[in-house]
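Inspection log for the structure reproduced underneath, given as structure tokens.
The values are calculated or read from the model by the stated rules, or taken from the named source; none is laboratory data. Here the structure is a predicted model, which is why all the values come from computation and not from measurement. Neighbour counts are summed over all protein chains in view; Cβ atoms, including those assigned to glycine, are modelled from backbone coordinates with ideal geometry.
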Amino acid sequence: MRCTLCGSKDVVFRYPSKLALCRSCFVNYIERKVLSTLRNYSMVKRGDVVLVCVSGGKDSTTVLHILSKYSRELGIKVIALTVIEGIRGRKGEVIKVLKRFCEQRDLEYHVVSFREYFGFDFDEVVAEYMSRGLKPCTVCGVFRRYIVNRVARELGATKVATGHNLDDEVQVFLMNLIRGNLPNLVREGQITEYLYHEKFVPRIKPLYYCLEAETAMYAVLNEIYVPWPECPYAKYSGRYWIRKMVNKLEITRPGTKWRLLAAKHFITYALRELYREYRLSTCKYCGEPTSGDVCKVCELRSLLRR
Ligand code: SF4
Ligand code: ZN
Ligand code: ZN
């Protein structure tokens, strides 16, 4: 099989549509796709300071790589941030590699931790939350998003970029659908346009239209390698089995993920008007943005017996 675009024999990626791409056409295709996503959804504008949350996984590191590569063309400044949750066996080696990654690209790199902001490592509190029926990823995500938003403001960032890809969007869509959480289903998108609050830094997802398999291949071809130990709590996540199920479906029915994303857009479009007026309010305890009177972080912290 030859590359559909240039005829080269060096094919590295094949699509269900029979499109086959060689190494350079594939890299070019992914970068063009990310740049079009950024432009089509007005994710960034000239002068923006974009904070990339980089965990060390292939997706967030790919976002950092592409945004830094095109920062001049886009007229943006890119800075990187890693949040250390305090989970055993993670992040030590990752931080070293990411530091070098940022130095090579002349990027400002910041590292903050749960301990610094909340006074504990995640490992110390996870059992207590689980005993109350809460899933580790739910709690971890709430704490991490809180820190990222605060650090973004402190660093003067105007956008926060994350590594969420098409697979993530489809999994979250199915979870929201199964739980009947329509407001969240509508709010999840390429950019968080509904959540206006003076303290909320808008979040963008440059890999929104990239499959996980595409970013994995892109990372390999660009030698983006960060040691990424599996999180011991990932298996408790509700998304764990949805991910497995969707991946299986994609094998038997190629194109399933794209069709699910299209279904998500259709439902979002249909329900949009219902949630157009949605605004965040301010937490009465910590002053951070929240959807109720008290933010999730203050709520979670109040559950701890300390
Ligand atoms: Fe946190 Fe879950 Fe990610 Fe582990 S897998 S770092 S618990 S969000
Ligand atoms: Zn080619
Ligand atoms: Zn609060």
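For the reader, a short list of remarks on this structure follows.
- None of 79, 84, 30, 66 is within 28 Å of residue 154 (Cα to Cα) and out of contact with any strand residue (DSSP E or B) (no Cβ under 6 Å at 6 or more places or on another chain) except 66.
- Odd one out for residue 237 among (1) without any contact (Cβ under 8 Å) to a residue 60 or more places away in the chain; (2) crowded, with 17+ Cβ neighbours inside 10 Å; (3) of a type outside the set (D, E, K, R): (1)
- Residue match in the stretch 194-215 (condition: more than 16 Å from ligand 2 (Cβ to nearest atom), farther than 18 Å from residue 145 by Cα, in contact with a Lys or Arg (Cβ under 8 Å, 6 or more places away or on another chain) and outside any loop (DSSP other than H, G, I, E, B)): yes
- Looking only at the stretch 251-277, residues that are assigned to a loop (DSSP other than H, G, I, E, B) and either within 16 Å of ligand 1 (Cβ to nearest atom) or closer than 21 Å to residue 183 by Cβ (or both) come to 2 in all.
- For residue 251, the conditions (1) of a type in the set (Val, Ile, Thr); (2) out of contact with any Lys or Arg (no Cβ under 8 Å at 6 or more places or on another chain); (3) buried (at least 16 other Cβ atoms within 10 Å of the Cβ) all hold with the exception of (3).
- Any hit, the stretch 165-178, residues being within 30 Å of residue 46 (Cβ to Cβ) and acidic (Asp, Glu): yes
- Residue ID - farthest from ligand 1 (Cβ to nearest atom), chosen from residues in the stretch 1-24 that are within 13 Å of residue 214 (Cβ to Cβ) and free of Cβ contacts under 8 Å to residues at least 60 places away in the same chain: 19
- The stretch 40-50 - residue that is outside any loop (DSSP other than H, G, I, E, B) and either in contact (Cβ under 8 Å) with a residue 12 or more places away in the chain or of a type in the set (Ser, Thr, Tyr) (or both) and, of those, surrounded by the fewest Cβ atoms within 10 Å (Cβ to Cβ): 49
- Selection status of residue 242, assigned to a helix (DSSP H, G or I) and surrounded by fewer than 17 Cβ atoms within 10 Å (Cβ to Cβ): no
- Beta carbons closer than 7 Å, at least 6 apart along the sequence or on distinct chains, pair a first residue in the stretch 135-160 that is farther than 17 Å from residue 87 by Cα and modelled with pLDDT of 95 or more with a second that is within 16 Å of ligand 3 (Cβ to nearest atom) and in a helix (DSSP H, G or I) for 146/297; 160/148.
- Qualifying residue in the stretch 278-285 (condition: more than 16 Å from ligand 3 (Cβ to nearest atom), assigned to a helix (DSSP H, G or I) and more than 26 Å from residue 121 (Cα to Cα)): no
- Among residues of the stretch 152-166, those that are among the hydrophobic types (A, V, I, L, M, F, W, C), closer than 17 Å to residue 51 by Cβ and in contact with a helix residue (DSSP H, G or I) (Cβ under 9 Å, 6 or more places away or on another chain), counted: 3
- Matching residues, the stretch 14-39, being near ligand 2 (Cβ under 10 Å from one of its atoms) and in a strand (DSSP E or B): 20, 21, 22
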